[in-house]
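S.K.: Okay, handing you the structure first.
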Amino acid sequence: GQQLNQSPQSMFIQEGEDVSMNCTSSSIFNTWLWYKQDPGEGPVLLIALYKAGELTSNGRLTAQFGITRKDSFLNISASIPSDVGIYFCAGRGEAGNNRKLIWGLGTSLAVNP
Amino acid sequence: EPEVTQTPSHQVTQMGQEVILRCVPISNHLYFYWYRQILGQKVEFLVSFYNNEISEKSEIFDDQFSVERPDGSNFTLKIRSTKLEDSAMYFCPSAVEEGEVYGYTFGSGTRLTVV
């Protein structure tokens, strides 16, 4: 079945540092999504990517849809304490039976003020 | 901004008991889903529902699970005989249409604890 490998599993950084995390897939996706989840809450969508090669920003966050359609990365610039949380990538395939979201295992981010 | 509402926020149940998790999707959404997240693990797809029927389900969604949209607003997930491994956060995102990613909105979820 479709699988997503997300790395790194966890990061511990100093406030102000930049962060990069990525996901790779065993199959092609048509959509890549990046979510952030705070403790006790549901995932919140950060960035959605729809086209291979697409580079999209949302404030200090930047994400790209890989050319091969099998990978994506998320960068966070100038991290702040409220960036703490778990970041998930999720992908979605073609229409029909592949429309469900496939999720990565998450990257846990800790920011030291 | 419209939100998906899930009740209860936390439910504790004895193993073998039936539970019903309730969700009120965003009113103009047409596609409904249940996902679960075991503590510390990834989010897993359970089932998708459109036009009053299941459109896709995962291998997790076995005969112990069922979904229903009884009154056109609520969307429920029933687990007939809970097992310890059913303990997880359950989410019911909804979407306006399959391609409308920004309509894919998660609520705060229901934490199910099976003891």
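The values are calculated or read from the model by the stated rules, or taken from the named source; none is laboratory data. Remember, predicted model here, so these are calculated numbers, not experimental data. When we count neighbours, we look across all protein chains shown, and the Cβ atoms used for this are built from the backbone with ideal geometry, even at glycine. Ligands, DNA and RNA are stripped out before the accessible areas are found, and what is left, the full protein with its side chains, is counted by its heavy atoms. Shrake-Rupley method; radii C 1.70, N 1.55, O 1.52, S 1.80 Å.
S.K.: Taking the protein assembly as shown, how much of its Cα-Cα pair set, in percent, is spaced more than 22 angstrom apart? Let's see the in-between values first.
M.R.: On the way: 13381 of 25878 pairs.
Percentage above 22 Å: 52.
S.K.: Accessible area per residue for the protein assembly as shown in Å², computed with a 1.4 Å probe and the full protein assembly in place, what is it? Before the final figure, lay out the partial values.
M.R.: Numbers: 10910 Å² over 228 residues.
It amounts to 48 Å² per residue over the protein assembly as shown.
S.K.: Let me ask you something else. Taking only the alpha-carbon atoms of chain A, what semi-axes of the equivalent ellipsoid follow from 5 times the gyration tensor eigenvalues under a square root, in whole Å, largest first? Before the final figure, lay out the partial values.
M.R.: On the way: eigenvalues 117, 41, 27 Å².
Gyration-tensor ellipsoid for chain A: 24, 14, 12 Å.
S.K.: Report the calculated FRET efficiency for A:Gln14 and B:Val24 (r = Cβ-Cβ distance, R0 = 30 Å), to the nearest 0.05. The partial results should precede the final answer.
M.R.: Numbers: r = 42 Å, r/R0 = 1.40.
Between A:Gln14 and B:Val24 the formula returns 0.10.
S.K.: As a test question: what accessible area, to the nearest 10 Å², does B:Tyr104 have when a 1.4 Å probe is rolled over all protein chains in place?
M.R.: Ignoring ligands and nucleic acids, B:Tyr104 comes out at about 10 Å².
S.K.: In terms of solvent-accessible area of protein heavy atoms at a 1.4 angstrom probe, what is the ranking of B:Met89, A:Met11, B:Met15, highest value first?
M.R.: Details: B:Met89 15, A:Met11 40, B:Met15 115 Å².
My answer, sorted largest first, is B:Met15, A:Met11, B:Met89.
S.K.: B:Arg80: accessible area at probe 1.4 Å, nearest 10 Å²?
M.R.: Accessible area, nearest 10 Å²: 110 Å².
S.K.: Ratio of alpha-carbon Rg to the 2.2 N^0.38 Å globular estimate for the stretch B:1-86, to two decimals, please. It would help to have the intermediate numbers written out before the result.
M.R.: On the way: Rg = 13.0 Å, N = 86, 2.2 N^0.38 = 12.0 Å.
Scaled against compact globular proteins, the figure is 1.09.
S.K.: Of the options B:Ser94, B:Gly107, B:Thr13, report the single residue whose Cα projects farthest towards the positive end of the charge dipole of chain B (beta-carbon charges: Lys, Arg +1; Asp, Glu -1).
M.R.: Of B:Ser94, B:Gly107, B:Thr13, it is B:Thr13.
S.K.: Just want to confirm a number: the relative contact order over chain A, from Cα pairs under 8 angstrom separated by 6+ residues, in percent. Write down the numbers at each step before the final one.
M.R.: Details: 294 pairs, mean separation 40.8, N = 113.
This gives 36 percent for chain A.
S.K.: Report the accessible surface area buried between chains B and A, summing both sides, using a 1.4 Å probe on protein heavy atoms only, in Å² rounded to the nearest 100.
M.R.: That pair of chains buries around 1800 Å² in total.
S.K.: Follow-up. Taking a 1.4 Å probe, which of B:Val12, B:Val96, B:Val114 shows the most accessible area, and what order do the others take after it?
M.R.: Numbers: B:Val12 90, B:Val96 50, B:Val114 10 Å².
So, going from the largest accessible area down, we get B:Val12, B:Val96, B:Val114.
S.K.: Related question: Taking a 1.4 Å probe, which of A:Leu46, B:Leu84, B:Leu46 shows the most accessible area, and what order do the others take after it?
M.R.: On the way: A:Leu46 35, B:Leu84 90, B:Leu46 0 Å².
Reading off the accessible areas and sorting them downward yields B:Leu84, A:Leu46, B:Leu46.
S.K.: Determine how large the accessible area of A:Lys51 is when every protein chain is in place; take a 1.4 Å probe and give Å² rounded to the nearest 10.
M.R.: 140 Å²
S.K.: Between A:Ala52, A:Ala78, A:Ala90, find the one with the highest GNM mean-square fluctuation for chain A; connect C-alpha pairs within less than 10 Å.
M.R.: Per the Cα network of chain A with a 10 Å cutoff, A:Ala78 tops the list.
S.K.: Around B:Thr82, with a cut-off of 15 angstrom between Cβ atoms, what is the net charge of the other residues, counting Lys and Arg +1 and Asp and Glu -1?
M.R.: Working: positive: B:Arg36, B:Lys78, B:Arg80, B:Lys83, B:Arg111; negative: B:Glu18, B:Asp62, B:Asp63, B:Glu85, B:Asp86.
My count for the surroundings of B:Thr82 gives 0.
S.K.: For the protein assembly as shown, which whole-number percentage of the solvent-accessible area (1.4 Å probe, protein heavy atoms only) is attributable to carbon and sulfur atoms?
M.R.: Working: 5220 of 10910 Å².
Roughly 48 percent of what the probe reaches on the protein assembly as shown is carbon or sulfur.
S.K.: Quick one: of the DSSP bridges fully inside chain A, what percent are antiparallel, nearest 5? Working shown, then result.
M.R.: Working: 37 of 42 bridges.
Just about 90 percent of them are antiparallel.
S.K.: Based on alpha-carbon centroids, what's the gap between the stretch A:35-113 and the stretch B:47-71 in Å, whole number please?
M.R.: Comparing the Cα centres of the stretch A:35-113 and the stretch B:47-71, I get a distance of 27 Å.
S.K.: What residue among A:Glu17, A:Glu41, A:Glu54 has the largest mean-square fluctuation in a Gaussian network model of chain A, using Cα springs under 10 Å?
M.R.: In the Gaussian network model the winner is A:Glu41.
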